[in-house]
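Only one structure is covered here, and it is reproduced in the block below.
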Amino acid sequence: MTHLLAAAVFFVLLHLLVSGTPLRNAIVAKIGEGAYMGLFSLASVAGLAWLGWAFGQARAEPWNTAWWTVGDASRQVQLGLQLLALLLIVPGLTTPNPTSVRQEGVLGRPDAVKGMLRISRHPFLWGVAIWAFGHLIVNGDRASLVLFGSMLLLALFGTASIDAKRRRALGETWDGFAAQTSNVPFAAVLEGRQKLSLGEIGWWRIALAVAAWAALIWVHPIAFGVAALP
């Protein structure tokens with residue numbers, strides 16, 4: 001339990017208190033952007049590996065009791081949520097986005113807001129949030145609550161953290177982009193600030209997301225020892 005909690009706290013605080021605050025600027029001023037990115041990437045990979053290892057150890061410990069049971073209906077909901085998550089994650093990773101690392105230059109394009117960005121300026125993080133929430137539904141044990149709960153919190157608070165970081169760095173340029181888009185998925189569309197265009201997202205991105213979803217269903221019992229299908 002101690003290792004899992006420590007790993008979760010380390011991973012969350014690394015992203016929210018180092019990457020997402022003026023502390024990042026202070027570190028960059030001391031060691032340079034390249035060195036910072038290298039060290040931060042290394043720390044992120046190490047933190048994620050620690051989190052995965054600690055979760056695997058915690059699952060077998062006596063304290064890891066389940067707080068609720070899971071039925072077939074919950075698993076069906078989980079399958080749908082995972083598809084939705086990947087429909088945000090895959091296009092989000094493959095669409096140029098000024099909220100992504102070193103992609104601030106996208107703001108200089110006349111068509112900066114297109115595809116997935118019409119739905120949300122943080123499609124990847126919202127996909128991660130839905131992925132984590134879905135896993136919380138079908139995993140009622142304490143270790144899963146720590147793992148997936150920390151990922152859910154990191155994804156949700158991460159959207160606000162990135163917005164604040166970009167606003168500090170880009171000022172009015174960022175404000176113009178933010179006014180055209182929304183953090184919460186589909187909010188800008190519902191408010192009339194954007195129009196939904198599935199074709200603009202790219203049908204290949206949608207197909208790739210569905211393929212990734214199907215592949216994960218197939219590999220899940222092999223990689224994680226738990227069947228994804230009811």
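Read-outs: derived from the displayed coordinates by stated rules, not from any lab. Fair warning: this is a prediction, and the values are worked out from it, not measured in the lab. Heads up, the Cβs are rebuilt from the backbone with ideal geometry, glycines too, and the neighbour counts pull from every protein chain shown.
Structural remarks
- Spin-label zone in the range 96-123 - amide nitrogen under 20 Å from a point set 7 Å from the Cα of Ala215 along the C-beta vector: 96
- Spin-label model distance (nm) - His3 vs Arg59, 7 Å beyond Cα toward Cβ: 1.4 nm
- Between helix 33-59 and the chain there is an angle of about 20 degrees, using the helix long axis and the longest principal axis of the Cα atoms.
- With an a/c value of 1.5 or above and a/b not larger than b/c for the gyration tensor axes a ≥ b ≥ c computed over the alpha-carbon atoms, the range 18-108 is described as oblate.
- Simple rule: put +1 on each Lys or Arg Cβ and -1 on each Asp or Glu Cβ in the range 89-150, find the dipole, and look at His135, Phe124, Val113; the Cα lying farthest toward the positive end is Val113.
- Cα centroid of the range 97-164 to Cα centroid of the range 49-74, whole Å: 23 Å
- Cα centre as origin, Lys/Arg/Asp/Glu Cβ charges: the chain dipole, Debye: 340 debye
- Counted without the sites themselves, the longest stretch of the chain free of chymotrypsin sites (Phe, Trp or Tyr not before Pro) in a DSSP loop having at most 14 other beta carbon atoms within 10 Å is 69-185.
- Legend: ranking of residues Leu216, Leu88 from fewest to most surrounding C-beta atoms inside 10 Å; resulting order Leu216, Leu88.
- Length, then width, then depth: along the principal axes, the Cα atoms of the chain run 54, 45, 27 Å.
- Cross-link reach list, aspartates and glutamates versus Lys165, counting only Cα pairs under 16 Å and skipping chain neighbours closer than eight places: Glu33, Glu104, Asp175
- Selection among Met37, Leu13, Ala207 by position relative to the dipole of the chain gives Met37 as farthest towards the positive end (Cβ unit charges, Cα centre).
- Taking the C-alpha atoms only, the angle from helix 123-138 to the longest principal axis of the chain is near 20 degrees.
- Length available on full extension from Glu191 to Thr173: 0.36 nm per residue minus the Cα-Cα distance, which gives 4.3 nm.
- Excluding exposed DSSP-loop trypsin sites (Lys or Arg not before Pro) (at most 10 other C-beta within 10 Å), longest clean stretch of the chain: 1-101
- Relative to the longest principal axis of the Cα atoms of the chain, the long axis of helix 72-94 makes an angle of roughly 30 degrees.
- All lysines inside 21 Å of Lys114 as judged from Cα atoms, apart from same-chain residues fewer than 8 positions distant: Lys195
- Computed from the C-beta positions of Val101 and Thr69 and an R0 of 35 Å, the FRET efficiency is 0.30 to the nearest 0.05.
- Taken about its Cα centre, the range 1-128 carries a charge dipole of about 280 debye when Lys and Arg each add +1 at the Cβ and Asp and Glu each add -1 at the Cβ.
- Only DSSP H runs of four or more residues enter the estimate; each adds -39500 (n - 2.57), and after division by the residues of the chain the mean residue ellipticity at 222 nm equals -22500 deg cm²/dmol.
- P(r) weight above 19 Å for the range 125-230, C-alpha pairs, percent: 63 percent
- By other beta-carbon atoms within 10 Å, ranking Ile222, Ile217, Ile201 with the fewest at the front produces Ile222, Ile217, Ile201.
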